[in-house]
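Each remark here refers to the structure printed beneath this line.
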Ligand code: DQA
């Protein structure tokens, strides 16, 4: 049986994790985060497709390209969280469960980080839990996808 597939998308500047403002984002690299996600995926029986781009259009194109084969999206939209109606529209168009992740507690930071366009289309949001937030997001996604499968089975009966 094919495992449920989760697209883990990372927005701009997250490629610099490890050296980027370590007091805020910690010292783990994006490679470390990817490894954490792959370990969580193996434990939770989820196939992980892990990607990062600095370009808004690339994140949107990946959502379009993968939409028919993914079951859910874990996304850290980084600065596009606060600016991108286009990214929020793409997530809404795909209509798959979305968990939004922020490594830092954006609500303790500058006021411009307090608003997220993505939150309105997210099933859940994990904020300020460091890179562990990605693992927590995948755990929640596994729960949501299992509930979805159970209700589809029930309807088919
Ligand atoms: C971030 C928070 C955003 O405000 C910021 O622009 C980022 C990272 C986080 O993970 O804490 O690039 O999404």
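Every number here is computed from the coordinates shown, using simple stated rules; none is lab data. Computed from a predicted model, the values in this text were never measured in an experiment. Methodologically, a virtual Cβ is constructed for each residue, glycine included, from the backbone with ideal geometry; neighbour enumeration extends over all protein chains shown.
List of remarks:
- R0 of 25 Å, Cβ-Cβ distance residue 47-residue 153: FRET efficiency to nearest 0.05: 0.80
- Note on residue 16 and residue 129: their simple-model spin labels are 2.7 nm apart, each label 7 Å out from Cα toward Cβ.
- At R0 = 35 Å, FRET efficiency that the Cβ-Cβ distance of residue 5 and residue 112 yields, to 0.05: 0.55
- Convex hull (Cα only) mean projected area of region 47-112, reported in nm² to one decimal: 4.8 nm²
- A crude spin-label estimate for the pair residue 55 and residue 79, with each label 7 Å from Cα along the Cβ direction, gives 1.7 nm.
- Here the sum of -39500 (n - 2.57) over DSSP H runs of 4 or more residues, divided by the residues of the chain, equals -13000 deg cm²/dmol at 222 nm, to the nearest 500.
- Most mobile of 79, 111, 90 in a GNM of the chain (Cα contacts under 10 Å): 111
- Helix 56-66 vs. the chain, principal-axis angle (Cα, 0 to 90°, nearest 10): 10 degrees
- Taking the average, over residues, of other Cβ atoms within 10 Å as the packing measure, peptides 18-30, 127-139 rank 127-139, 18-30 from highest down.
- Value of relative contact order over region 5-156, rounded to a whole percent, pairs C-alpha under 8 Å and six or more apart: 26 percent
- The tail of the calculated P(r) for the chain, taken as Cα-Cα distances beyond 25 Å, holds 25 percent of the pairs.
- Our estimate of slack between residue 143 and residue 65, defined as 0.36 nm per intervening residue step minus the Cα-Cα distance, is 25.6 nm.
- Under 16 Å from the residue 93 label point (7 Å along Cα→beta-carbon), backbone N, region 24-68: 56-68
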